[in-house]
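Engineer: Okay, handing you the structure first.
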Amino acid sequence: MQQIELRKDILSANEDLGHENKMLFARKGIFVLNLMSSPGAGKTTLLERTIELLKDTFRIGVIEGDIATSYDAERISAHGIEVTQINTGGACHLDSSMIRKVLANFDLDHLDMLIIENVGNLVCPAEFFLGEDAKAVILSVTEGEDKPLKYPLIFRLATALIINKVDLLPYVNCSVPRIVRDVIGINPSLAIFETSCTSRQGLDSWKAWLEGKIHKKKETRLNT
């Protein structure tokens, strides 16, 4: 029972600070995306493609979360993007306190979008609110079609699902229609994109969705 209460206290404190982060982002008019997936689903590559599509129009910052190394941050930095690395040292997720501590590394008055690439995991990151406007989950077809039913929480809380690496469908046993059916059963309002970072299939739709979210957030700032 004590462990359950401690868990509740941790999540409650994280939620409170997450809402403080969200209010800060609202005042600055920054659209914040929490990008989540299991390791190897293609988060960083999709992030690179997203930056390529948007960086000439919007000012983008990136927070990279990993247990160790700065490999992904170095990849993002090569695109000329302001990026900060968080190494959790073993924790399987980012939390709102970690995000708050690194915000001073960014010029928030000159950002349109902040993308948080969370630690690779389909479980823990879903439980920790960071102050984001949207959670996006990437599911690679190489992971199989059973993941939404096995890990329903992350799909229930997500705003968008990117079914990635669809160019590999001829070579893997995965049913995209079943994934779509199952996730709609969990979260009927989920925006779904089928993408390939190799062939660039579906990336234009993903770009358009993000553009709409960024513009809406900027309008909200102007009206406050």
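The values are calculated or read from the model by the stated rules, or taken from the named source; none is laboratory data. All values derive from a computational prediction rather than experimental measurement. Cβ sites come from the backbone with ideal geometry, for glycine too, and all protein chains shown count toward neighbours.
Engineer: I'm checking my understanding of the structure. Among residues of segment 185-198 that are of a type outside the set (S, T, N, Q) and over 15 Å from ILE138 (Cα atoms), which one is surrounded by the most Cβ atoms within 10 Å (Cβ to Cβ)?
Structural biologist: Here the residue is ILE186.
Engineer: Can you say whether ALA104 is farther than 27 Å from ARG221 by Cα, more than 15 Å from the chain's Cα centre (by Cα) and of a type in the set (A, V, I, L, M, F, W, C), as far as the supplied structure shows?
Structural biologist: On the way: farther than 27 Å from ARG221 by Cα: no; more than 15 Å from the chain's Cα centre (by Cα): yes; of a type in the set (A, V, I, L, M, F, W, C): yes.
For ALA104, the condition - farther than 27 Å from ARG221 by Cα, more than 15 Å from the chain's Cα centre (by Cα) and of a type in the set (A, V, I, L, M, F, W, C) - is not met.
Engineer: Take the conditions out of contact with any Asp or Glu (no Cβ under 8 Å at 6 or more places or on another chain) and closer than 13 Å to LEU130 by Cβ and apply them to LEU46. Does it pass?
Structural biologist: Values: out of contact with any Asp or Glu (no Cβ under 8 Å at 6 or more places or on another chain): yes; closer than 13 Å to LEU130 by Cβ: no.
In short, no.
Engineer: Being in contact with an Asp or Glu (Cβ under 9 Å, 6 or more places away or on another chain) and free of Cβ contacts under 8 Å to residues at least 40 places away in the same chain is the requirement here; does PRO148 meet it?
Structural biologist: Yes: the conditions hold for PRO148.
Engineer: Of the conditions (1) more than 19 Å from the chain's Cα centre (by Cα); (2) modelled with pLDDT under 95, PRO170 satisfies every one except a single condition; which number is it?
Structural biologist: All conditions pass for PRO170, except number (2).
Engineer: Among the residues of segment 127-149, which ones are part of a loop (DSSP other than H, G, I, E, B), buried (at least 19 other Cβ atoms within 10 Å of the Cβ) and not charged (D, E, K, R)?
Structural biologist: PHE128, PHE129, LEU130, GLY131
Engineer: Do we have any residue at all in segment 47-68 that's out of contact with any Phe, Trp or Tyr (no Cβ under 9 Å at 6 or more places or on another chain), crowded, with 16+ Cβ neighbours inside 10 Å, under 26 Å from PRO152 (Cβ atoms) and touching a residue at least 60 places away in the same chain (Cβ under 8 Å)?
Structural biologist: Checking segment 47-68: at least one residue is out of contact with any Phe, Trp or Tyr (no Cβ under 9 Å at 6 or more places or on another chain), crowded, with 16+ Cβ neighbours inside 10 Å, under 26 Å from PRO152 (Cβ atoms) and touching a residue at least 60 places away in the same chain (Cβ under 8 Å).
Engineer: Pairs please, first residue from segment 165-179 and at positive phi, second anywhere and surrounded by 14 or more Cβ atoms within 10 Å (Cβ to Cβ) and at pLDDT below 95, Cβ atoms under 9 Å, 6+ apart in sequence or on different chains.
Structural biologist: Short answer, once both residue conditions are applied: none.
Engineer: Look at GLU143 and say whether it is without any contact (Cβ under 8 Å) to a residue 60 or more places away in the chain, of a type outside the set (Ser, Thr, Tyr) and out of contact with any Lys or Arg (no Cβ under 8 Å at 6 or more places or on another chain). It would help to see each step written out before you state the result.
Structural biologist: Numbers: without any contact (Cβ under 8 Å) to a residue 60 or more places away in the chain: no; of a type outside the set (Ser, Thr, Tyr): yes; out of contact with any Lys or Arg (no Cβ under 8 Å at 6 or more places or on another chain): yes.
So GLU143 does not fit the description; no.
Engineer: To continue, here is another question. Considering only segment 188-224, how many residues are of a type in the set (A, V, I, L, M) and either in a helix (DSSP H, G or I) or touching a residue at least 40 places away in the same chain (Cβ under 8 Å) (or both)?
Structural biologist: 5
Engineer: I'd like the full set of residues that are in contact with a strand residue (DSSP E or B) (Cβ under 8 Å, 6 or more places away or on another chain), farther than 12 Å from ILE63 by Cα and polar (S, T, N, Q), limited to segment 93-137.
Structural biologist: Hit for segment 93-137 is ASN121, nothing else.
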